[in-house]
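Right, one structure below, let's go through it.
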Amino acid sequence: MTKADVFEFIQEQTLGVLGTISPDGAPQTALVGIAVTGELEIVFDTVQSTRKYRNLTRNQACSFVIGWEGETTVQYDGEARVPEASELARYQEIYFKKFPDGPSRLSWPGITYFVVRPKWIRYSDFDQAPPRIEEFRF
């Protein structure tokens, strides 16, 4: 199992469960559409009125669970940021390739993109015996 294999697995997925931390320290989750870069960064959009936006602009630590067909998943811990204007187009291109309807949301009030850099990833495949579990640290 390589990072390229993890990229392929995430690339095949459309959705991920995002975990963030509220201002009072409570966990909060949301289902989001995801795209992935070759560096295993996750890209997603949201609007500024959401809990995830407020949480991530206050505390960049977040997590994902990606994939739930069978018993193969990726657990992903990382740090989120809003990309700078100079790099936003590159991330939007990756996101729009996965979600061709993405440009239609550019007119939504408060639309924002987040990029999450991985800190730790665990790939688990319990659909085989013995199970395959691989961890990556960044």
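Taking the criterion of being over 23 Å from residue 136 (Cα atoms), loosely packed, with under 13 Cβ neighbours inside 10 Å, of a type outside the set (Lys, Arg) and in contact (Cβ under 8 Å) with a residue 24 or more places away in the chain, would at least one residue in the range 23-35 satisfy it? Looking through the range 23-35, at least one residue is over 23 Å from residue 136 (Cα atoms), loosely packed, with under 13 Cβ neighbours inside 10 Å, of a type outside the set (Lys, Arg) and in contact (Cβ under 8 Å) with a residue 24 or more places away in the chain. Looking across the range 98-138, the residues that are surrounded by fewer than 16 Cβ atoms within 10 Å (Cβ to Cβ) and either small (Gly, Ala, Ser) or in contact with a Cys (Cβ under 7 Å, 6 or more places away or on another chain) (or both) come down to 104, 107, 110, 129. Within the range 14-35, the residues that satisfy the criterion of being of a type in the set (Val, Ile, Thr) and out of contact with any Cys (no Cβ under 7 Å at 6 or more places or on another chain) are 14, 17, 21, 29, 32, 34.
In contact with a Ser or Thr (Cβ under 8 Å, 6 or more places away or on another chain), of a type in the set (Phe, Trp, Tyr) and more than 30 Å from residue 127 (Cβ to Cβ): does that describe residue 53? Spelling it out, residue 53 is indeed in contact with a Ser or Thr (Cβ under 8 Å, 6 or more places away or on another chain), of a type in the set (Phe, Trp, Tyr) and more than 30 Å from residue 127 (Cβ to Cβ).
Just one residue in the set 99, 126, 114 is touching a Ser or Thr at 6+ places or on another chain (Cβ under 9 Å) and at pLDDT below 95; that residue is 126. Collect the residues in the range 70-109 that are of a type in the set (D, E, K, R), closer than 30 Å to residue 126 by Cα and out of contact with any Asp or Glu (no Cβ under 6 Å at 6 or more places or on another chain), keeping them in residue-number order. Correct list: 77, 79, 98. Of all positions in the range 58-78, none carries a residue that is among the charged types (D, E, K, R), in contact with a Gly (Cβ under 9 Å, 6 or more places away or on another chain) and farther than 17 Å from residue 32 by Cα. Meeting the requirement of 2 or more residues that are within 27 Å of residue 131 (Cβ to Cβ), the helices (runs of 4 or more DSSP H) wholly within the range 1-120 are 3-12.
Go through the residues of the range 39-51 one by one and say whether even a single one is buried (at least 18 other Cβ atoms within 10 Å of the Cβ) and either over 19 Å from residue 90 (Cβ atoms) or without any contact (Cβ under 8 Å) to a residue 60 or more places away in the chain (or both). There is no residue in the range 39-51 that is buried (at least 18 other Cβ atoms within 10 Å of the Cβ) and either over 19 Å from residue 90 (Cβ atoms) or without any contact (Cβ under 8 Å) to a residue 60 or more places away in the chain (or both). In the range 57-96, of all residues being without any contact (Cβ under 8 Å) to a residue 60 or more places away in the chain, of a type in the set (Val, Ile, Thr) and touching a Ser or Thr at 6+ places or on another chain (Cβ under 8 Å), the one that is surrounded by the most Cβ atoms within 10 Å (Cβ to Cβ) corresponds to 66.
The values are calculated or read from the model by the stated rules, or taken from the named source; none is laboratory data. All figures in this text were calculated on a predicted structure; none of them were measured in a lab. A quick note on method: Cβ atoms are made from the backbone with ideal geometry, for glycine too, and the neighbour counts reach across all protein chains shown.
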